[in-house]
1. For region 3-99, what is the percent of antiparallel DSSP beta bridges, rounded to the nearest 5?
2. Considering amide H positions built from the backbone, and no H for Pro or chain starts, which residues 5 or more places from ASN42, or on another chain, come under 5 Å of its amide H?
3. Considering only DSSP states other than H, G, I, E and B, which chymotrypsin sites (Phe, Trp or Tyr not before Pro) in region 10-103 qualify as loop sites with at most 14 other Cβ atoms within 10 Å?
4. Once amide H atoms are built 1.01 Å from N in the peptide plane, which residues 5 or more positions from TYR33, or in another chain, come under 5 Å H to H?
5. Number of Lys-Lys pairs in region 3-99 under 16 Å by Cα, sequence gap 8 or more or different chains?
6. Given H placed 1.01 Å from N in the peptide plane, which residues other than close sequence neighbours of ASP19 have an amide H under 5 Å from its amide H?
7. For region 1-93, report the % of Cα-Cα distances exceeding 18 Å.
8. Between PHE38 and PHE102, what FRET efficiency follows from the Cβ-Cβ distance if R0 is 41 Å, with the result rounded to 0.05?
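Read-outs: derived from the displayed coordinates by stated rules, not from any lab. All figures in this text were calculated on a predicted structure; none of them were measured in a lab. Heads up, the Cβs are rebuilt from the backbone with ideal geometry, glycines too, and the neighbour counts pull from every protein chain shown.
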Amino acid sequence: MTEQELKEKAINAIKTVYDPEIPVDVYELGLIYEVSVFPVNNIYVLMTLTSPACPSAEQIPGEVEQKIKTIEGVNDVTVELTFDPPYTQDMMSEAAKLELGFM
């Protein structure tokens with residue numbers, strides 16, 4: 001499996017993780033800043049949350065990590081949280097904005 005294929009599988013796994021308060025997956029919400037594949041099949045995800053006080057703050061990164069770990073061939077997963085830059089609604093995909101009525 002190439003790095004690109006592994007990255008696509010990781011992104012597809014991330015798209016199965018939802019913020020419990022919003023009916024849109026965390027990828028479409030714009031919470032994922034970076035997905036990288038390093039040797040040997042180690043996945044690094046840099047993400048944020050809608051707010052530092054988000055009650056599901058502890059659950060979402062763990063769920064992202066668990067979903068990616070289920071991909072065959074993945075060696076290790078690191079999920080790092082950042083609040084720089086701070087999250088804004090502009091980071092949502094158009095699909096997410098439509099779903100939530102922002103367009």
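1. Of those bridges, close to 55 percent are antiparallel.
2. Long-range HN contacts for ASN42: ASN75, ASP76.
3. PHE83, PHE102
4. Here LEU46, MET47, THR48 satisfy the definition.
5. Eligible lysine pairs with Cα atoms under 16 Å apart amount to 8.
6. Under 5 Å from the amide H of ASP19: VAL24, VAL26.
7. Above the 18 Å cut-off, region 1-93 has 39 percent of its Cα pairs.
8. Step by step, r from the Cβ atoms, then E = 0.70.
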